[in-house]
Amino acid sequence: MTLTEKLLARAAGKASVQAGDNVWVKTDVLMTHDVCGPGTIGVFKREFGKTAKVWDKNRVVIIPDHYIFTADSKSNRNVDILREFVKEQGITYFYDVIDNPDGKWVFDSSKGLLNRQYGSHYAGVCHTALPQKGHTRPGEVLFGTDSHTCMAGAFNQFATGIGNTDAGFVMGTGKLLLKVPETMHFRLEGRLHPGVMAKDIILHCIGEIGFDGATYRTMQFDGPGVASLSMDDRMTVANMAIEAGGKNSIFEFDAKTEEYVNYRTKLNGTRSNYEPVTRDKDEKFVYELTVDLDTLEPTVACHPDPGQRKKAKDLSHVKLDRAYIGSCTGGKTSDFLEFARVLNGRRVSIDTFGVPATPEIVHDLQTSRWGEKTVWEILVDAGVQMTENAGCAACLGGPVDTFGRMNTPLKCISATNRNFPGRMGHKESQVFLASPITVAASAVAGRITDPREFLS
Ligand code: SF4
């Protein structure tokens, strides 16, 4: 069996499963957020009754993150619906925007979009917050009402996005009927060179198979090249499996996974026992690709989909209006550090927006010093509009007052993960997906630029 098959067999209480089997699996964690949470709660109440209780109040994790820093009253109300439900159910893990459990969330636009407007519990973008808050564990099953839930596959777990109807069912029962996906095998060899990041790995892979090339399949990443990738790197790769239509992605468990998970579960006092899945000798794959990390180059997915792969160096004719760094995929501390490496001592020549994925990342950037300045100060001095209001922001457009949203048809290079028309706002805008360091180089040059031009 492949890693995913072994994991699903265990979750289904079976000795073995194979691709195509339909199995009932037990859920270890169900995550929902402000966009899909209210709908999921509605389904749950409709199907299980107004007074029903969730199947396990310690396994439902609620993370508002999407439409938060907006004056849109319906978006604000969604967070209030989550808070009411958490109180009613006694749910343990709720990362509220405000500290008052009886309060109402109202974004104060008179304070502007840059300064922090959240309380001490707020955790930022769900997929980045889940591991930081100790909710990702090897060998487990994580369902989330968000397509990029697959990011947690970096931690050797089965993690996938589900709709509100399925999530409402999981909320009531802790179980879900799943078809076991076929597995595609991506063997990584070698190591990345300066100027090339994990984002380039996944853009390369999606370029090979197309934006529907992994539809309802697992993308399994392993091989000697994985050892040199940090957990942040693995998260970036796993996150974008859905951009090829993947059901999930999964990495092997190793010492880095163990160190991260043990540290985070201890730090947060979350469940710390887990059982990773390891590779069998008889794995059956429907597709195999070996990726030589040594030969990868800075890569861009051009408008209008994540499969439109080109090399950054071949796109220098593409002039840009905007650059954006942020999201679960590209707004982690390590992403901002690579971004800052190019911007240190330089200035951007186009509008450039920076949105850390979580408050912890804001703190990292505001406390990491490079010489006289913090990384945050370096970025601000370079002309980047940095917001402390960590969240999804313009990654998915959002209400018109969302920080960084494209309200006119612009060309933008972005460290986010999805570039279908309208994704970041205006339907006629064009989004080019790239690594944070390629975004930085392009922000300086005002055109798509290979970041190696800026590295000594
Ligand atoms: S940052 Fe973007 S991709 Fe990630 S959860 Fe938010 S909207 Fe989705």
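Some notes on this structure:
- Rolling a 1.4 Å probe across the protein heavy atoms gives the chain an accessible surface of 37 Å² per residue.
- Kirkwood-based Rg to Rh ratio, region 189-329, C-alpha trace: 0.99
- Helix-only CD estimate at 222 nm, as mean residue ellipticity for the chain, using -39500 (n - 2.57) per DSSP H run (n ≥ 4): -8500 deg cm²/dmol
- Summing +1 for each Lys or Arg and -1 for each Asp or Glu among the other residues whose beta-carbon sits under 12 angstrom from that of TYR216 gives +1.
- Relative to one another, the C-alpha centroids of region 410-429 and region 368-408 are positioned 16 Å apart.
- The alpha carbon convex hull volume per residue for region 259-305 rounds to 243 Å³.
- Region 289-333: relative contact order as a whole-number percent, Cα under 8 Å and 6+ apart: 22
- Accessible area of region 59-160 belonging to carbon and sulfur atoms, whole % at 1.4 Å probe: 49
- With a cut-off of 10 Å between beta carbons, the residues surrounding LYS319 carry a summed charge of +1, where Lys and Arg count +1 and Asp and Glu -1.
- Only Cα pairs under 8 Å and 6+ residues apart enter the sum, and on that basis the relative contact order of region 1-143 stands at 26 percent.
- Of the residues ILE98, VAL170, VAL125, the one whose Cα sits farthest towards the positive end of the charge dipole of region 34-182 is VAL170 (charges of +1 on Lys and Arg Cβ, -1 on Asp and Glu Cβ, taken about the Cα centre).
- SER368 sits among other residues whose Cβ lies under 14 Å from its own Cβ, and their net charge, with Lys and Arg +1 and Asp and Glu -1, is -2.
- Contact order relative to length of the chain, as percent, for alpha carbon pairs under 8 angstrom and 6 or more apart: 17
- DSSP assigns beta bridges within the chain; of those with both partners inside it, close to 20 percent run antiparallel.
- Exposed-site-free run, longest, the chain (rule: trypsin sites (Lys or Arg not before Pro); DSSP loop; at most 11 other C-beta within 10 Å): 105-280
- Residue pairs, from the table LYS175/LYS247; LYS247/LYS284; LYS6/LYS247; LYS26/LYS104; LYS133/LYS256; LYS6/LYS179, whose Cα atoms sit over 23 Å apart: LYS26/LYS104
- All lysines inside 18 Å of LYS311 as judged from Cα atoms, apart from same-chain residues fewer than 8 positions distant: LYS199, LYS319, LYS411
- Shape of the chain from the C-alpha gyration tensor: oblate (a/c of 1.5 or more and a/b not above b/c, with a ≥ b ≥ c the square roots of its eigenvalues).
- For the chain, the Cβ-based charge dipole about the Cα centre amounts to some 640 debye (Lys, Arg positive; Asp, Glu negative; other atoms uncharged).
The values are calculated or read from the model by the stated rules, or taken from the named source; none is laboratory data. Keep in mind that this is a model prediction, so the values were computed, not measured. So basically every Cβ, Gly included, is an ideal-geometry build from the backbone, and we count neighbours across all protein chains shown. With ligands, DNA and RNA removed, areas are computed over all heavy atoms of the protein, side chains included. Shrake-Rupley method; radii C 1.70, N 1.55, O 1.52, S 1.80 Å.
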